Amino acid sequence: MKEMEIQFQLNGCDVCVDVPSDTLLVDLLRDTLGLKGTKTGCREGECGACTVLLDDIPVNSCILPAFKVEGRSVTTIEGLTKDDGRLDPIQEAFIQEGAVQCGFCTPGMIMNAKALLGKDPHPEEGKIREAISGVQCRCTGYQKIVQAVKSAGQKMDSTR
Ligand code: FES
Ligand code: FES
């Protein structure tokens, strides 16, 4: 397969990589760049485990060809942690509210929550449920996940 060069911003840093032209974004992130926080489940765009933000919009990286991110900005779960190691308020809220069980769906849930709270810090419960509807939690901890997103919005508001 022909190699191609892709340049994009990843978690705020400029990245330039050569990959086979049929590489999917999730494989570029996990295998080429070593960012294992983004998970793979179905690899068919159904479970949401592989969600990352592309220009602040959630996308399923398992069905997105890597070349599509050329010149754009990608944020993964690793990009939410501050340089000094502090967690994002959404990550903190997931811990405090007990919204993490096996943790497999957690990166996808948090990336969807990040996109939602970036637009609306006080979403109604229905909006939260809609925002995370593309991510399946096999541990079925949805109630605590919704509570964590609500609580993160309140926390982010108080620190603005
Ligand atoms: S692994 Fe991408 S949606 Fe399931
Ligand atoms: S916490 Fe296990 S899949 Fe959601």
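FYI, it's all coordinate maths here, none of it is from the lab. Bear in mind that the values here come from a model prediction, so they are computed numbers and not experimental data. Cβ atoms come from the backbone with ideal geometry, glycine included; neighbour counts cover every protein chain shown.
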*asked:* Given R₀ = 41 Å, what would the calculated FRET efficiency be for residue 155 paired with residue 5, taking r from the Cβ atoms and rounding to 0.05?
replied: 0.50
*Using a cut-off of 13 Å between beta-carbons, work out the net charge of the residues near residue 94 (Lys and Arg +1, Asp and Glu -1, residue 94 not included).*
+1
*Taking Cα atoms, how many degrees apart are the long axis of helix 142-158 and the longest axis of the chain, rounded to 10 and kept between 0 and 90?*
90
_Taking the number of other C-beta atoms within 10 Å as the exposure measure, put 120, 83 in order starting with the fewest._
83, 120
*Shape call for the chain from the C-alpha gyration tensor, a ≥ b ≥ c root eigenvalues: rounded (a/c under 1.5), prolate (a/b greater than b/c) or oblate?*
prolate
*Under a 10 Å cutoff between Cα atoms, tell me which one of 68, 114, 150 has the largest fluctuation in the Gaussian network model of the chain.*
68
*Extent of the range 3-79 along each principal axis, from alpha carbon coordinates, in Å, largest to smallest?*
29, 24, 20
*Under a point spin-label approximation (7 Å from Cα along Cα-to-Cβ), what is the residue 143-residue 55 distance to one decimal in nm?*
4.0
*Distance violations [Cα-Cα > 29 Å] among 127/155; 2/114; 2/119; 68/155*: 2/114; 2/119; 68/155
_Most fluctuating residue given options 63, 132, 90, as computed from a GNM of the chain linking Cα atoms under 10 Å_ = 63
